[in-house]
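Just below is one structure, and these are the notes that go with it.
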2 protein chains.
Amino acid sequence: MTSESKSVTAAIIVIGNEILSGRTEDKNIGFLATRLTEIGVQLREVRVVSDDETAIVDAVNACRAVYDYVFTTGGIGPTHDDITSDCVAKAFGVKNTLHPEAFKILDDHYAEGEFNEARLRMAHTPEGATLVDNPISLAPGYQIENVFVLAGVPSIMQAMFESLRHRLVGGPPVLSHTISVNKPEGKIAQALAAIQNQFADVEIGSYPYFRGGVVGCSLVMRSTDTGQLNDASAAVRQMILDAGGEPVEEHGV
Amino acid sequence: MTSESKSVTAAIIVIGNEILSGRTEDKNIGFLATRLTEIGVQLREVRVVSDDETAIVDAVNACRAVYDYVFTTGGIGPTHDDITSDCVAKAFGVKNTLHPEAFKILDDHYAEGEFNEARLRMAHTPEGATLVDNPISLAPGYQIENVFVLAGVPSIMQAMFESLRHRLVGGPPVLSHTISVNKPEGKIAQALAAIQNQFADVEIGSYPYFRGGVVGCSLVMRSTDTGQLNDASAAVRQMILDAGGEPVEEHGV
């Protein structure tokens, strides 16, 4: 509930049948969610789509029209199932062409005869793309307008993100404060709703937990406004004390 | 690339700001992806959306029109940020009303005076819903048409899935066979693409790995047709041997 006019938003598109089949557990959503939050970019949506042209093109076009930044992960390797660049090019209505800088990076790397037709695919980007450095395995990611196309392997994706991070302009960072209490949500829900109604600029979330037979909940206050955040947190703290609970505090982003 | 006429498809909608902020790592996508694959339901898409009415309603309506089954996780507790049932009701154009069976389950459970207004929210479902049993914490999930509304807490979501699993009618199970080789993808990509072109009913995926300085890839063949799966796997095995590699095999779903 931060001011929409100031917030900077993002979406992630995870591309890969291996996530949808359950073979591979995604590690990229959590990393990007945390890093984007840290730099004041609000992740608003994630889509996981299959290695299917229509699914990828539609997701890219839907997200790039709505969010400030879009990050795709996966599908930029040398094999036949790596179709992300063809799809992103199609989404933008441009050709997927040889990128001279990407070509040079890979041509310098591979020994004579090793830079084959399959690997040449990794030197192609949609026309107009700017490369994103890959310090791990060289084959670059890239940016086209507000869309960043990154690898699927977590270590490479993370390195690429750090390479492009300086290009992102965040909004005011969303600060958070968490207060936990060993009481079930249902006992404090009505009082909590009343506090939420008082603080329109603070988003209050309640997340139940079950730890060793103890039922409790973590109440998370998030806002770009420090004063409002502190006031809402004070109100939640007092509400817990009034209910006979013991508030446990945790600051964080 | 299994026959579209026979396949049974699904989408997951993960509802929750806590996933998008990075505070909570999602555990539900991986569980549902694996279980659905096991019973012959092909997960085609996942969306993670925020606790926002428009975002939830749009995702539910987009997915229920396209896929055989839709599973939502999160947002069915007693607090003000639990808006899933209101949103699903809106998506279906029905009221979110008191469900007599859900009311009885909770009324029997809570002591005198404990079944308050907030908890009463958990006894509401969209009109026409059928309950999904929650053996962990009682407050039920539900099914409305092809949409299953489940809890966000992983242990509860998993128990609810097992409660509803008998209602799902899967298609032919997708069988898989994995062959790994300690060679970079780029070395076998062209030969692999040729094999993919020979086997239209087998989906071949290539997933690179980097283990202790060794670069390799896992080649995953997936099909509902055992004969085609075996033939494609044999072709991949031979291709690896021809390239001087050592194929390492792994069966699985």
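Derivation of every value follows stated rules applied to the coordinates shown; laboratory data play no part. Note that this is a predicted model, so its numbers are computed, not measured. Glycine gets a Cβ as well: all are built from the backbone with ideal geometry, and neighbour counts include every protein chain shown.
Counting Lys and Arg as +1 and Asp and Glu as -1 over every other residue whose Cβ lies under 14 Å from the Cβ of residue A:181, the net charge comes to -1. Along region A:117-133 the Karplus relation, 6.51 cos²θ - 1.76 cosθ + 1.60 evaluated at θ = phi - 60°, assigns HN-Hα couplings of 4, 5, 5, 4, 4, 6, 9, 9, 9, x, 4, x, 6, 10, 5, 10, 4 Hz to successive residues, with x for each Gly and Pro. Principal-axis analysis of the Cα atoms of chain B puts helix B:185-198 at an angle of about 80° to the longest axis. Each Lys and Arg Cβ is given +1 and each Asp and Glu Cβ -1; about its Cα centre, the protein assembly as shown then shows a dipole of about 120 debye. For region A:1-134, dividing the convex hull volume of the Cα atoms by the residue count gives 134 Å³ per residue. Take each residue of peptide B:48-60, count the partner chain Cβ atoms within 10 Å of its Cβ, and average: the result is 2.
In the calculated pair-distance distribution of region B:105-179, the portion above 18 angstrom amounts to 51 percent of the Cα-Cα pairs. For region B:142-253, the spread of Cα positions along the three principal axes, ordered from largest to smallest, is 54, 35, 19 Å. D by Stokes-Einstein for the protein assembly as shown, Kirkwood Rh over Cα pairs, 4 °C, 1.567 mPa s: 53 µm²/s. Ordering A:20, B:181, A:160 by Cα displacement along the dipole of the protein assembly as shown toward the positive end leaves B:181 in first place; charges were set at the Cβ atoms of Lys, Arg (+1) and Asp, Glu (-1). Computed from Cα atoms, the angle from the helix A:28-38 axis to the main principal axis of chain A rounds to 60 degrees.
As a size descriptor, the averaged projected area of the C-alpha convex hull of region A:60-132 was calculated at 5.2 nm². Summing charges over neighbours of residue A:138, with a neighbour being any other residue whose Cβ is under 13 Å away from its Cβ, gives -3 when K and R count +1 and D and E count -1.
With a Förster radius of 30 Å applied to the C-beta separation of residue A:210 and residue A:246, the computed FRET efficiency comes to 0.95. Relative to the dominant Cα principal axis of chain A, helix A:53-66 is inclined by about 50°. The residues neighbouring residue A:165, those whose beta-carbon lies less than 13 Å from its own, together hold a net charge of -1 under the Lys/Arg +1, Asp/Glu -1 convention. Taking amide H as placed 1.01 Å from N in the peptide plane, the amide H of residue B:69 sits under 5 Å from that of B:9, B:10, B:11, each at least 5 places away or on another chain. Backbone amide hydrogens, once placed in the peptide plane, bring residue A:131 within less than 5 Å of A:143, excluding anything fewer than 5 places away on its chain. Distance between the modelled labels on residue B:98 and residue A:66, one decimal in nanometres: 3.6 nm (7 Å Cα→Cβ projection). Each of the peptides A:153-165, B:139-151 was scored by the mean count of other Cβ atoms within 10 Å over its residues; in descending order, highest first, they stand as B:139-151, A:153-165. Neighbouring Cβ atoms from other chains, within 10 Å of the Cβ of residues in B:76-89, number 4 on average. Pairwise alpha-carbon distances in chain B exceed 35 Å for 30% of all pairs.
The relative contact order of chain A comes to 18 percent, based on Cα pairs under 8 Å that sit 6 or more residues apart. Along the positive direction of the dipole of region A:175-252 (beta-carbon charges: Lys, Arg +1; Asp, Glu -1; about the Cα centre), which of A:199, A:209, A:238 reaches farthest? Selected residue: A:209.
Normalised size of region B:170-218, defined as Cα radius of gyration per 2.2 N^0.38 Å with N residues, equals 1.34. Placing R0 at 45 angstrom, the Cβ-Cβ distance between residue A:108 and residue B:109 gives a FRET efficiency of 0.10 after rounding to 0.05.
Volume per residue for region A:26-65 equals 67 cubic angstrom (convex hull of Cα atoms). Helical runs assigned H by DSSP (4 residues or longer) give chain A a calculated mean residue ellipticity at 222 nm of -11000 deg cm²/dmol, each run adding -39500 (n - 2.57) before division by the residue total.
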